[in-house]
């Protein structure tokens, strides 16, 4: 008899608390980008319902170089792969009642990429991030309460959504893909 056990739906969610990150500085820079985009009538609508989402090219902005380097170091260390790098990064501001609909960051189920979100401002009741199985919406769901300076990294194929912000304060995050 020949027996082989296969793991066919191995998915991950890495959670890291980043120490000594000046989130106030990055929050101000995100508000500056939002102001510039508003003046130029720019705001992306991808999965967000309300709120603000920048273009996915903020990693090209020299102001964000230090943060990109910090995040790339966490990615490389977490996955023991010196070739992993952020290829797209954008910022999100979700005010009261704003949310993100179900989506994944992968357009190809055979891709093996990593996505992530760094939470910079997370008032109480700002909306959980909820992950579901990538191939069926009705299976297991994992709901996570985000916290300030928390970095989540996950398989880009994971379907996720962000629940409505029930707070009077903005939820602010930076998302990325490798």
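Taking the range 136-178 as the region of interest, how many residues are closer than 14 Å to residue 106 by Cα and out of contact with any strand residue (DSSP E or B) (no Cβ under 6 Å at 6 or more places or on another chain)?
Here the count works out to 2.
Quickly run through the range 97-121 and pick out the residues that are modelled with pLDDT of 85 or more, within 12 Å of the chain's Cα centre (by Cα) and farther than 20 Å from residue 83 by Cα. Steps first, please.
Of the range 97-121, the ones modelled with pLDDT of 85 or more are 97-101, 113-121.
Those left that are additionally within 12 Å of the chain's Cα centre (by Cα): 100, 114-120.
Correct list: 100, 118, 119, 120.
For the range 49-96, how many residues meet the condition of being outside any loop (DSSP other than H, G, I, E, B) and out of contact with any strand residue (DSSP E or B) (no Cβ under 8 Å at 6 or more places or on another chain)?
Result for the range 49-96: 11.
The values are calculated or read from the model by the stated rules, or taken from the named source; none is laboratory data. Model, not experiment: these values are computed from the prediction. Using ideal geometry, Cβ is built from the backbone for each residue, glycine included, and neighbour counts are taken over all protein chains shown.
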